[in-house]
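First up is the structure itself, then whatever we jot down about it.
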Amino acid sequence: MTEYQVIEGDQTVYRDGTIKLHGADGFEGMRKAGRLAAEILDELTTFVKPGVTTGEIDDLVRGMTLDAGAVPATMGYRGYAHSCCTSINHVICHGIPSEKALKDGDIVNIDVTPLLDGWHGDTSRMFYAGEPALKAKKLVDVTYQCLMLGIDAAAKPGARLGDIGAAIEAHARQFRYGVVQEFCGHGLGRLFHDAPEVIHAARAGTGPELKPGMFFTIEPMINLGRPHAKILRDGWTAVTRDKSLSAQFEHSIAITEDGVEVFTESPKGLHKPPY
Ligand code: MF3
Ligand code: CO
Ligand code: CO
């Protein structure tokens, strides 16, 4: 049984397994946090190139976040010490920024989560360093399509959570790509990771009903090869077991009376590479 909880004003919320249903002030807070997250990624589009280190990207993200009066929600989160995740090539997610420089042909996901006035904006996009191979660019394109098809599925009246994963998996399957199952989208708002778990490969018509006021992310991770992940000894970096390339895009969205609102849409229309 799914429990929903209507949130009013600045009521304290707990990670108690309930799905939160937000009102106007939640939408206001998430619009600002989501917009900032998207603007940070917009700024990175001209910066990401061969020779730039992921540590330099992290410094830039931290600077932009703090300058906007927000904090990176990842800093200090379960011991994570950085302002974003930078996941290169066969890294699925949670790549740790370092001294490592991007090389020509790399594809990299940059995932940012500013916490602004108590609300979390969580979004990621793929970036190209130089000119990736055709098969890498196709994976990136299809992964973006997977995210948007997931959002479309959520926007249908009477939709259930499983409809999102069903749409994503059906699309990925056409290209024989693997949909990662070990990591999910998630409810968010005043909490960074809350119920529900948004799985990216699911059966249509299953799972909780989507109700107006729900806030959650959709963040499909799609592999060129098999779907399976393993975590490196640093405790964070998730890579494909078969070392195949992996791509991801993420938006934070709300269910509304007549569809969805995307909080993290690029103000500059820089939705996917090439930028
Ligand atoms: N931003 C990631 C997400 O989409 C979470 C990163 S947690 C970290 O949920 F600690 F790895 F940064
Ligand atoms: Co997320
Ligand atoms: Co994220």
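The values are calculated or read from the model by the stated rules, or taken from the named source; none is laboratory data. Keep in mind the model is a prediction, meaning the values are calculated, not measured. Note that we place each Cβ from the backbone using ideal geometry, even for glycine, and neighbour counts take in every protein chain shown. Just so you know, the surface numbers come from the protein's heavy atoms only, side chains and all, with ligands and any DNA or RNA stripped out. Shrake-Rupley method; radii C 1.70, N 1.55, O 1.52, S 1.80 Å.
Inspect segment 122-129 for any residue being under 22 Å from Cys184 (Cβ atoms), among the hydrophobic types (A, V, I, L, M, F, W, C) and within 15 Å of ligand 3 (Cβ to nearest atom) and give the result as yes or no.
yes
Would you check which residues across segment 230-251 are more than 15 Å from ligand 2 (Cβ to nearest atom), on the phi < 0 side of the Ramachandran plot and open to solvent by 10 Å² or more (accessible area, probe 1.4 Å) and list them?
Lys230, Ile231, Leu232, Arg233, Asp234, Thr237, Arg241, Asp242, Ser244, Leu245
Considering only strands (runs of 3 or more DSSP E) fully contained in segment 197-275, which possess at least 2 residues that are within 16 Å of ligand 3 (Cβ to nearest atom) and either under 23 Å from Asp163 (Cα atoms) or over 17 Å from the mean Cα position of the chain (by Cα) (or both)?
Counting at least 2 such residues, we get 215-218, 221-223, 246-248, 251-256.
Do any residues in segment 250-275 that are more than 19 Å from Met221 (Cα to Cα) have Cβ atoms under 8 Å from those of residues that are part of a loop (DSSP other than H, G, I, E, B) and aliphatic (A, V, I, L, M), where the two are at least six apart or on different chains, and which pairs are they?
Ala254/Met214; Ile255/Leu210; Ile255/Met214
Tell me, yes or no, whether segment 55-63 has at least one residue that is among the β-branched types (Val, Ile, Thr), surrounded by fewer than 24 Cβ atoms within 10 Å (Cβ to Cβ), touching a residue at least 12 places away in the same chain (Cβ under 8 Å) and within 30 Å of Arg226 (Cβ to Cβ).
Yes - at least one qualifying residue is present in segment 55-63.
For segment 106-121, name all the residues that are charged (D, E, K, R) and within 14 Å of ligand 3 (Cβ to nearest atom). Outline the logic, then answer.
Going through segment 106-121, the residues charged (D, E, K, R) turn out to be 106, 111, 117.
Of everything in segment 106-121, just one residue is charged (D, E, K, R) and within 14 Å of ligand 3 (Cβ to nearest atom), namely Asp111.
I want to confirm something. Restricting to segment 119-132 and keeping residues that are part of a loop (DSSP other than H, G, I, E, B) and under 19 Å from the mean Cα position of the chain (by Cα), which single residue is nearest to ligand 1 (Cβ to nearest atom)? Reasoning before the result, please.
At the first step, the residues of segment 119-132 found to be part of a loop (DSSP other than H, G, I, E, B) are 121-122, 129-132.
Still in the list and also under 19 Å from the mean Cα position of the chain (by Cα): 121-122.
Values: Gly121: 10, Asp122: 5 Å.
Result: Asp122.
I'd like the residue in segment 130-156 that is of a type in the set (Asp, Glu) and farther than 13 Å from Gln248 by Cα and, out of all such residues, is nearest to ligand 3 (Cβ to nearest atom).
Asp152
Restricting attention to segment 76-88, which residues are crowded, with 16+ Cβ neighbours inside 10 Å, within 12 Å of ligand 1 (Cβ to nearest atom) and either among the hydrophobic types (A, V, I, L, M, F, W, C) or under 16 Å from the mean Cα position of the chain (by Cα) (or both)?
Ser83, Cys84, Cys85, Thr86, Ser87
Only residues that are within 27 Å of Asp106 (Cβ to Cβ), open to solvent by 30 Å² or more (accessible area, probe 1.4 Å) and either assigned to a helix (DSSP H, G or I) or aromatic (Phe, Trp, Tyr) (or both): list them for segment 133-168, please.
Of everything in segment 133-168, those that are within 27 Å of Asp106 (Cβ to Cβ), open to solvent by 30 Å² or more (accessible area, probe 1.4 Å) and either assigned to a helix (DSSP H, G or I) or aromatic (Phe, Trp, Tyr) (or both) turn out to be Leu134, Lys135, Lys137, Lys138, Asp141, Tyr144, Gln145, Met148, Leu149.
Let me confirm something: among Gly259, Gly189, which residue is within 30 Å of Tyr14 (Cβ to Cβ), within 16 Å of ligand 2 (Cβ to nearest atom), open to solvent by less than 30 Å² (accessible area, probe 1.4 Å) and not aliphatic (A, V, I, L, M)? Outline the logic, then answer.
On the way: Gly259 fails: within 16 Å of ligand 2 (Cβ to nearest atom).
Going through Gly259, Gly189 in turn, just one is within 30 Å of Tyr14 (Cβ to Cβ), within 16 Å of ligand 2 (Cβ to nearest atom), open to solvent by less than 30 Å² (accessible area, probe 1.4 Å) and not aliphatic (A, V, I, L, M): Gly189.
Being within 11 Å of ligand 1 (Cβ to nearest atom) and among the charged types (D, E, K, R): is that true of Glu219 here?
Against the criterion (within 11 Å of ligand 1 (Cβ to nearest atom) and among the charged types (D, E, K, R)), Glu219 qualifies.
Among the residues of segment 89-115, what is the count of those that are aliphatic (A, V, I, L, M), open to solvent by 10 Å² or more (accessible area, probe 1.4 Å) and more than 15 Å from ligand 1 (Cβ to nearest atom)?
Total meeting the criteria: 1.
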